[in-house]
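Undergrad: One structure follows; several queries about it will come next.
Each value in this text was obtained by applying a stated rule to the coordinates, not by laboratory testing. Keep in mind the model is a prediction, meaning the values are calculated, not measured. Please note: Cβ atoms are built from the backbone with ideal geometry, for glycine as well, and neighbour counts cover all protein chains shown.
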Amino acid sequence: MKRWVVVTMVISLVVNVFLAGIIAGTVWHWTHDRGMGFRGGWRMRVADSLPDAQAQALRKTIHDAVRKDFPALREGRADRAEAARLFVQPQFDANAINAKLDAARASDMALRADLEHSMIQFAAGLPLDQRKKMAEALKDGPFRQGPPHPPGMGGGPGGSPMGPPPGPPPGP
């Protein structure tokens, strides 16, 4: 066999193994991720905690809130893209970049507020036992109890990975 054929086959094998790894990693992430992914993260876990009829209604409420705020989402993405474009300009304009990122953050927070308000309005019509289930599911969301990071990941006493700030030793 010619040398160029062998080299081409080896390169093809390496590329195919790389692509297979990307696909497998994506599938694993999609099926195991419990964070804010494409499936709505904690909000969908709240919906999953309810009986089927209420879960479907809550998912629809979430979907409607996102659909209503879709223009703001698009605007936030455009602001982030513009900030990235400004970042690489020869004349660095920190004020303009900050303004674009502030606008994007405001869009994101407005969507989050609308989603949470919609969920609260939905919960107002539920019986107490179902609101208790929602409350349990919310503990994994933005209202979780305890450190924001797994142990050893910056969630030590005082909020620092190094522990509390230095100070005088405790008295007798």
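Undergrad: Apply the Karplus parameterisation 6.51 cos²θ - 1.76 cosθ + 1.60, with θ equal to phi minus 60°, to every residue of segment 22-29 and state each ³J(HN,Hα) to the nearest whole Hz, in sequence, with x for glycine and proline.
TA: Each residue of segment 22-29 in turn: 4, 5, 5, x, 5, 4, 4, 4 Hz.
Undergrad: Extending each Cα 7 Å along its Cβ direction at residue 68 and residue 132, get the distance between those two points in nm, one decimal.
TA: 3.1
Undergrad: While we're on this one: Which ³J(HN,Hα) values in Hz, rounded to whole numbers, follow from the phi angles of segment 91-107 under the Karplus curve 6.51 cos²θ - 1.76 cosθ + 1.60, where θ = phi - 60° and Gly and Pro get x?
TA: Calculated HN-Hα couplings, in order: 9, 6, 10, 4, 5, 5, 5, 4, 4, 5, 5, 5, 5, 5, 5, 4, 4 Hz.
Undergrad: Cut-off under 24 Å on the C-alpha distance; same-chain residues fewer than 8 positions from residue 100 excluded. Which lysines are left, in chain and number order?
TA: Those lysines meeting the cut-off are 68.
Undergrad: Gain in length, residue 28 to residue 120, computed as 0.36 nm per residue apart minus the alpha-carbon separation, to one decimal in nm?
TA: Here the answer is 29.9 nm.
Undergrad: Between residue 94 and residue 113, what is the label-to-label distance in nm when each label sits 7 Å out along the Cα-to-Cβ direction?
TA: 2.8
Undergrad: Over all alpha-carbon pairs in segment 39-138, figure out the percentage whose distance exceeds 22 Å.
TA: When all Cα pairs of segment 39-138 are counted, 44 percent exceed 22 Å.
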